[in-house]
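Below: one structure in structure tokens.
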Amino acid sequence: MNSDLVAKLAITEIIYRYCRALDRMDRELAATVWHPDGTADYGVTFQGTASGLLDSLWSQHAKLLGHSHQVTNILIEVDGDRAGSEAYVTGTLWNASDSGVLSQVVALGRYLDRWSCRDGIWGIDHRCFVYDLVFNPILSGPEDAKHDVLSRLVAQRDPRLTAARRDRTDPSYEVLGSSALGLSDG
């Protein structure tokens, strides 16, 4: 089998493993996605080490009623023992505030990952999460839900202020070259 294809399958499996680990709250499994010196940039939410990101996510997600993450549209470019990938992700989070307001946040974004293969094991060196859209419908509770923590978080995510772009200035072009689109650079 072609070595690039083997690498793409391994990377795809790791991307799926991350969502499974997060939704099952399996911190040990989630840590296998990154290399030990891996980093993450989630914009205003988090910037730092992968371990720090997981600490933050585990703290936040433990307070929720539930959550579900799905990944689609995975593109991967392999160059020897290095790779870049873009994967679309939908994260749905459910919470109930102290006042009984039930809310749901649906975040749509992309994982833009830089990978390396070390000692035969693929792992993320750096992940940039780009928010594309965030929705927060209030499912039940009092009319005034402005004090809900998730509502305030979403209110701070003006789509015009995200890194997502609808042209070639989008951050995905930093991990995937024009060859992924079948275009020449010239």
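Each reported figure results from applying straightforward, stated rules to the coordinates on display, with no laboratory input. Everything numeric in this text was worked out from a predicted model, so none of it was measured. As a convention, Cβ positions derive from the backbone with ideal geometry for all residues, glycine included, and neighbour counts pool all protein chains shown.
Could you let me know the centre-to-centre spacing of the stretch 87-120 and the stretch 1-69, using Cα atoms, in angstrom?
10 Å
Report the local net charge at H69: Lys and Arg +1, Asp and Glu -1, summed over other residues whose C-beta lies under 11 Å from its C-beta.
+1
How would you order 16-24, 60-68 from highest to lowest mean count of nearby Cβ atoms within 10 Å?
Highest to lowest by the protection proxy: 16-24, 60-68.
Something else now. Test of understanding: ordering R110, R118 by Cβ neighbours within 10 Å, fewest first, what list do you get?
R118, R110
How long is the gain from H61 to V6 if the chain were fully straight, where each residue apart is worth 0.36 nm and the alpha carbon distance is subtracted?
Here the answer is 16.5 nm.
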